[in-house]
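**Q** One structure, pasted below without further comment.
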Amino acid sequence: MEEERLPTGVKELDDMLGGGVYRGVNILLKGGPGTGKTTLALQYIIQGARLGERGMYLTFEESSDQIMRYGKKFFPDIESHIKNDAIRIMDFSPHITAKDSVQIVDGKKVQIPDKESLDSAAYIEDRILDIRGQTIQRVVIDGLQTFATMFCDLSSSHDPEELRRALSRILLMLKKEGITTYILSEETEHQGDKYSFVNFGVDGSILLAFNEALDMRTMKIIQLRGIQHTLRPISVQFIPGTGVVVSESQKHRV
């Protein structure tokens, strides 16, 4: 029996992939600052909500109110999905100042861990592992570098190997639960970073980039295990109220 496909929310990309990505995979979404990783990840989460699937957005880099601003710009229905508990945002970012576990952001409830509780690497890992049993089907981990730095700083041993093991446990748990996960990483195609080991623990990776010479944004599938795909960069546009779409001139290529 053919494995179930999960639509990403970008129609042309889903068509190219034969319906989307496989359910339960971990996908690394990487690119430099401002290349659209958060927008593409939100589109994936919101597409799930539109299809009746619950999603969890874990932000380690930008605050929950920043995520909401991006979301409302491109996806006007994000507020209704959060109100209906189809999407939850958990804020682990350095911007946290309050101790309340829930704050109101633009009139909506957003989960924010107690700042004192965040002073523990185990707490962060436990909260992610708590996703088990919550009927969550889509997860985004936004800010790999900040997550890794925070984890190492809070860990008693400050051992990068402990980070590697913890991230492996998290990704394995999500996969076993059948949860499809996007991990957002700030890196370019030719320049990785000290946390690039995550590339070997995921089922696929997609690169977002700028092409200044042609004045365009591009999306390139580096790899997706078990799925045939083009290796060429695809020109994409970010349209307020719609999200990420493949440029008209590129549609014949996908």
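**Q** For I206, enumerate residues with amide H under 5 Å from its amide H, sequence gap 5+ or separate chain, H modeled in the peptide plane.
**A** L28, L29, K30, I222
**Q** Please calculate how many Å² of accessible area region 1-101 carries per residue, with a 1.4 Å probe and no DNA, RNA or ligand atoms counted. Can you show the working numbers first?
**A** Numbers: 3990 Å² over 101 residues.
On a per-residue basis, 39 Å².
**Q** If you stretched the chain out fully between A213 and R232, how much longer would it get, using 0.36 nm times the residue separation minus the C-alpha to C-alpha distance? If you can, show how the numbers build up before the last one.
**A** Details: separation 19, 0.36 × 19 = 6.84 nm, distance 1.67 nm.
Residue separation times 0.36 nm, minus the Cα-Cα distance, leaves 5.2 nm.
**Q** Tell me, what is the FRET efficiency for N84 and L129 to the nearest 0.05, using R0 = 25 angstrom and their Cβ-Cβ distance as r? Can you show the working numbers first?
**A** Numbers: r = 25 Å, r/R0 = 0.99.
Calculated value: 0.50.
**Q** Between T242 and M173, what length in nm is gained on full extension when 0.36 nm per residue of separation is reduced by their alpha carbon distance?
**A** Values: separation 69, 0.36 × 69 = 24.84 nm, distance 3.23 nm.
Length difference between fully extended and current span is 21.6 nm.
**Q** Let me ask something additional. As an exercise, use a Förster radius of 41 Å and the Cβ-Cβ distance of L51 and R165 to find the FRET efficiency, rounded to the nearest 0.05. Before the final figure, lay out each step's value.
**A** Values: r = 34 Å, r/R0 = 0.83.
It comes to 0.75.
The values are calculated or read from the model by the stated rules, or taken from the named source; none is laboratory data. Keep in mind that what you see is a predicted model, and the values were worked out from it rather than measured. Note that we place each Cβ from the backbone using ideal geometry, even for glycine, and neighbour counts take in every protein chain shown. Please note that ligands, DNA and RNA were not included when accessible areas were found on the heavy atoms of the full protein model with its side chains. Shrake-Rupley method; radii C 1.70, N 1.55, O 1.52, S 1.80 Å.
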